[in-house]
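Step one of this worksheet: look at the structure below.
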Amino acid sequence: IAGYGRVGRHVTAEIAAKKADYVVIEGDKEAVDLLVAEGRPHVAGDATTEDILAEAGIERARTLISTLPQEALNVYLTLTARHMNPKLNIIARADFEEGEKKLIRAGANHVVIPHVLGGIRMAKAALQPNVVDFMQMTSMGEAGLSVEELRIPDGAWLTGQSFLESNLKRDFGVTIIGIKQQGEQMKVNPGPQTVINSGDILVILGHTQDLERLSHDLRERREEAG
């Protein structure tokens with residue numbers, strides 16, 4: 001995670017809450033002091049330099065989230081990181097819509113424009129308040145509800161079964177709301193006859209404990225089969 005400003009702090013808190021491995025890169029002394037006080041793993045230095053990126057482990061990282069305060073720095077960081085790790089998944093912050101194209105050309109996989117997302121959410125809160133309440137519940141984990149993605153590992157017991165046959169709703173209390181099959185676009189609200197294959201990514205809605213129970217079951221059965 002590059003940058004520990006307002007956006008970077010929220011990103012870090014969310015990733016830490018999910019117990020995912022991460023490291024923050026920050027050059028500002030006050031922000032570094034805050035990272036130290038909070039006990040967060042970090043590298044102090046300029047995230048746009050190759051030496052600092054290497055120290056943070058960019059070559060073996062799966063994802064870079066660039067939240068630097070200046071759009072030009074995010075573009076430069078994206079270019080540098082893409083050169084150092086061609087397989088890296090890069091999520092970058094843009095300040096304006098024009099910056100999105102620059103970041104995509106520089107190698108970003110996803111671009112987020114905070115004020116655009118904020119404006120859309122405010123409009124929805126005025127026009128569709130119940131939809132916003134639902135989004136709030138699932139995105140923030142309120143009421144124990146969450147939307148998670150689950151990659152189907154090789155040899156999983158779900159492989160070859162349709163949604164209907166899998167009985168995920170009956171046995172685990174979760175609902176599949178999307179599926180991304182290899183080489184295809186995400187399908188939203190797929191039909192009950194959709195077949196699950198190894199490598200597919202399921203987008204699942206459910207209570208946190210039920211989602212964890214499903215993930216644990218998949219791992220456990222796979223270990224027993226192996």
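Kindly check whether there is at least one residue in segment 74-82 that is touching a residue at least 12 places away in the same chain (Cβ under 8 Å), open to solvent by 20 Å² or more (accessible area, probe 1.4 Å), among the aliphatic types (A, V, I, L, M) and outside any helix (DSSP H, G or I). Within segment 74-82, not a single residue is touching a residue at least 12 places away in the same chain (Cβ under 8 Å), open to solvent by 20 Å² or more (accessible area, probe 1.4 Å), among the aliphatic types (A, V, I, L, M) and outside any helix (DSSP H, G or I). Determine if segment 116-127 includes at least one residue that is outside any loop (DSSP other than H, G, I, E, B), in contact with an Asp or Glu (Cβ under 8 Å, 6 or more places away or on another chain) and in contact (Cβ under 8 Å) with a residue 40 or more places away in the chain. Checked segment 116-127: no residue is outside any loop (DSSP other than H, G, I, E, B), in contact with an Asp or Glu (Cβ under 8 Å, 6 or more places away or on another chain) and in contact (Cβ under 8 Å) with a residue 40 or more places away in the chain. Restricting attention to segment 1-49, the residues that are open to solvent by less than 30 Å² (accessible area, probe 1.4 Å), among the hydrophobic types (A, V, I, L, M, F, W, C) and closer than 23 Å to residue 111 by Cα add up to 5. Of the residues that sit in segment 193-220 and are touching a helix residue (DSSP H, G or I) at 6+ places or on another chain (Cβ under 9 Å), closer than 14 Å to residue 166 by Cβ and among the polar types (S, T, N, Q), which one is surrounded by the most Cβ atoms within 10 Å (Cβ to Cβ)? Selected residue: 194.
A single member of 90, 65, 104, 15 is part of a helix (DSSP H, G or I) and either over 18 Å from the mean Cα position of the chain (by Cα) or under 23 Å from residue 139 (Cβ atoms) (or both), and it is 15.
With the condition kept exactly as written, say whether any residue in segment 63-70 is over 18 Å from residue 11 (Cα atoms), open to solvent by 80 Å² or more (accessible area, probe 1.4 Å) and in contact (Cβ under 8 Å) with a residue 24 or more places away in the chain. Looking through segment 63-70, none of the residues is over 18 Å from residue 11 (Cα atoms), open to solvent by 80 Å² or more (accessible area, probe 1.4 Å) and in contact (Cβ under 8 Å) with a residue 24 or more places away in the chain. The C-beta contact set for segment 211-222 (first residue charged (D, E, K, R), second residue in a helix (DSSP H, G or I), distance under 9 angstrom, 6+ apart or interchain) comprises 213/172; 217/171; 217/172.
For segment 174-190, residues that are out of contact with any Leu (no Cβ under 9 Å at 6 or more places or on another chain) and in a loop (DSSP other than H, G, I, E, B) total 8. Taking the residues in segment 83-108 that are in contact with a Ser or Thr (Cβ under 8 Å, 6 or more places away or on another chain) and of a type in the set (A, V, I, L, M, F, W, C) as candidates, determine which candidate is most open to solvent (accessible area, probe 1.4 Å). By that ranking, first place goes to 91. The condition of being free of Cβ contacts under 8 Å to residues at least 24 places away in the same chain, within 20 Å of the chain's Cα centre (by Cα) and surrounded by fewer than 17 Cβ atoms within 10 Å (Cβ to Cβ) holds for only one of 187, 169, that being 187.
Out of everything in segment 83-115 that is of a type in the set (Lys, Arg) and either out of contact with any helix residue (DSSP H, G or I) (no Cβ under 9 Å at 6 or more places or on another chain) or touching a residue at least 24 places away in the same chain (Cβ under 8 Å) (or both), what residue ends up being nearest to residue 7 (Cα to Cα)? The extreme case among them is 93.
If you go through segment 50-60 and keep only what is open to solvent by 50 Å² or more (accessible area, probe 1.4 Å) and part of a loop (DSSP other than H, G, I, E, B), you end up with 59, 60.
The values are calculated or read from the model by the stated rules, or taken from the named source; none is laboratory data. Computed from a prediction, not measured in an experiment: that's the story for all the values here. Please note: Cβ atoms are built from the backbone with ideal geometry, for glycine as well, and neighbour counts cover all protein chains shown. Areas reflect the complete protein model, heavy atoms only, side chains present, ligands, DNA and RNA absent. Shrake-Rupley method; radii C 1.70, N 1.55, O 1.52, S 1.80 Å.
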